[in-house]
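Okay, structure first, notes after.
The values are calculated or read from the model by the stated rules, or taken from the named source; none is laboratory data. Keep in mind that this is a model prediction, so the values were computed, not measured. In this analysis, Cβ positions are derived from the backbone assuming ideal geometry, glycine residues included, and neighbour counts consider all displayed protein chains.
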């Protein structure tokens, strides 16, 4: 047998999952270019030399309060590494601990309880400051309407702070192009009506697109531009955005203006996430790590494919495997769950439909059941909890097959042909 491992279980010890194949099969591990984990000295340098604006400590001078918005566990952002530097900057600018709040920018995702907060923020920070979960129906302030018609109703803890900072992560995103930047505010801190108004055109396939698509210009993505306009209206003063590594660590940190720093982070992501991608495979193994906390996020494992549909990674008649630890099971989404306003099954999105046509699709997840699966996926998709059981179905009587393993499908970038 040919044996390999893939990263597994983000925020759950980041383990390795062993997978094996018959020795007669041709296996290609299509890894991203990757990057080295940044040092603390490099993080400090990013704060000392922000992009497009003054350091946070300068912005904080003469101010009394600050709110730091942080993304949730569906993103691998190592916020616990960055927050001590943010706090230091605020303290140096004259804002005392008593004036600082941390706000979990969960948008329409689930709240983070104490154990989750300690993972994301670090135990010391989570217990040093008050930590609140955003609520999309309560504690909101209306600050205006964007030029695209989105009402900007944002969390009061954020709007009423003198200094507002967002901590996020650069991941390919199927409609916003990339995560990070102003997305921490909309949808992260928006009302349900704000989120719906911003998201609906993209959910209907009218705007948006993954940031690695051929000929893609992030500055023309109407969804992202709407988010950024709303974030400025809400007063987002600075962002701290990171680019990830294949192991769920940090390849780069970018501090500064919500657009300029974001675009610099995206430039690094394009270099770190790029992948030499095989085509016309019999089988593709697409791993969702480091966005593998819940089944709701699992389709992002196919970002490496949907970001450039010009390449047919798995041939028609082949097999597609979406691998996800889904440590939190099905997960939660106030807009996309069954019965919610934007619920659609995965294959009903145009780019996904193309993948699901004329291919057998499997989901490998030890923490999900068929009942979980079919709230999100069509009935012909097969779920297996163990690799050995899935492998038997992949064999399908074939003694020789070509297989591509994408260890970080949710991050990986296939360049245009």
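Evaluating residue 299 against the criteria (1) assigned to a loop (DSSP other than H, G, I, E, B); (2) crowded, with 24+ Cβ neighbours inside 10 Å leaves one unmet condition, (1).
Quick grid of which residues meet (1) farther than 30 Å from residue 417 by Cα; (2) outside the structural domain of residue 292 (by TED's automatic domain parsing); (3) in contact with a helix residue (DSSP H, G or I) (Cβ under 7 Å, 6 or more places away or on another chain):
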| residue | (1), (2), (3) |
| --- | --- |
| 312 | no, no, no |
| 329 | yes, no, yes |
| 342 | yes, no, yes |
| 345 | no, no, no |
| 353 | no, no, yes |
| 367 | yes, no, no |
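Residues in segment 175-221 that are under 14 Å from the mean Cα position of the chain (by Cα), surrounded by fewer than 24 Cβ atoms within 10 Å (Cβ to Cβ) and modelled with pLDDT under 75: none. Taking (1) at positive phi; (2) at pLDDT below 95 in turn, residue 94 satisfies each apart from (2). Number of residues in segment 16-48 that are free of Cβ contacts under 8 Å to residues at least 60 places away in the same chain, touching a strand residue (DSSP E or B) at 6+ places or on another chain (Cβ under 9 Å) and assigned to a loop (DSSP other than H, G, I, E, B): the value is 1.
Checking the stated criteria, residue 388 turns out not to satisfy the condition of being under 30 Å from residue 170 (Cα atoms) and surrounded by fewer than 15 Cβ atoms within 10 Å (Cβ to Cβ).
Please go through segment 276-293 and pick out each residue that is over 18 Å from residue 5 (Cβ atoms) and in contact with a strand residue (DSSP E or B) (Cβ under 6 Å, 6 or more places away or on another chain). Answer for segment 276-293, where residues must be over 18 Å from residue 5 (Cβ atoms) and in contact with a strand residue (DSSP E or B) (Cβ under 6 Å, 6 or more places away or on another chain): 278, 280, 281, 282. Check whether at least one residue in segment 116-135 is surrounded by fewer than 14 Cβ atoms within 10 Å (Cβ to Cβ), assigned by TED's automatic domain parsing to the domain that holds residue 65 and closer than 16 Å to residue 77 by Cα, and report yes or no. For segment 116-135, residues surrounded by fewer than 14 Cβ atoms within 10 Å (Cβ to Cβ), assigned by TED's automatic domain parsing to the domain that holds residue 65 and closer than 16 Å to residue 77 by Cα: present. Per the listing 329, 404, the residue uniquely within 29 Å of residue 196 (Cα to Cα) and either modelled with pLDDT of 95 or more or surrounded by 17 or more Cβ atoms within 10 Å (Cβ to Cβ) (or both) is 329.
Listed conditions (1) under 27 Å from residue 269 (Cα atoms); (2) in a helix (DSSP H, G or I); (3) touching a helix residue (DSSP H, G or I) at 6+ places or on another chain (Cβ under 6 Å) are all met by residue 126, apart from (1). Taken over segment 139-166, the criterion of being assigned to a loop (DSSP other than H, G, I, E, B) and either closer than 15 Å to residue 70 by Cα or more than 25 Å from the chain's Cα centre (by Cα) (or both) is satisfied by 139, 147, 149, 160, 161, 162.
Inclusion of residue 358 among residues that are closer than 30 Å to residue 115 by Cα, over 17 Å from the mean Cα position of the chain (by Cα) and surrounded by fewer than 22 Cβ atoms within 10 Å (Cβ to Cβ) is not warranted. In this structure, does residue 57 turn out to be free of Cβ contacts under 8 Å to residues at least 40 places away in the same chain, assigned by TED's automatic domain parsing to the domain that holds residue 163 and in contact with a helix residue (DSSP H, G or I) (Cβ under 9 Å, 6 or more places away or on another chain)? In short, yes. Give the residues of segment 378-409 that are in contact with a strand residue (DSSP E or B) (Cβ under 7 Å, 6 or more places away or on another chain), without any contact (Cβ under 8 Å) to a residue 60 or more places away in the chain and within 28 Å of residue 247 (Cβ to Cβ), sorted by residue number. Once the filter is applied, which keeps residues that are in contact with a strand residue (DSSP E or B) (Cβ under 7 Å, 6 or more places away or on another chain), without any contact (Cβ under 8 Å) to a residue 60 or more places away in the chain and within 28 Å of residue 247 (Cβ to Cβ), segment 378-409 yields 383, 384. Flag: residue 58 does not match the condition of being surrounded by fewer than 17 Cβ atoms within 10 Å (Cβ to Cβ), under 22 Å from the mean Cα position of the chain (by Cα), part of a helix (DSSP H, G or I) and at pLDDT 95 or above. Of all residues assigned to segment 87-100, at least one qualifies as being touching a strand residue (DSSP E or B) at 6+ places or on another chain (Cβ under 7 Å), in a helix (DSSP H, G or I), surrounded by 22 or more Cβ atoms within 10 Å (Cβ to Cβ) and in contact (Cβ under 8 Å) with a residue 40 or more places away in the chain.
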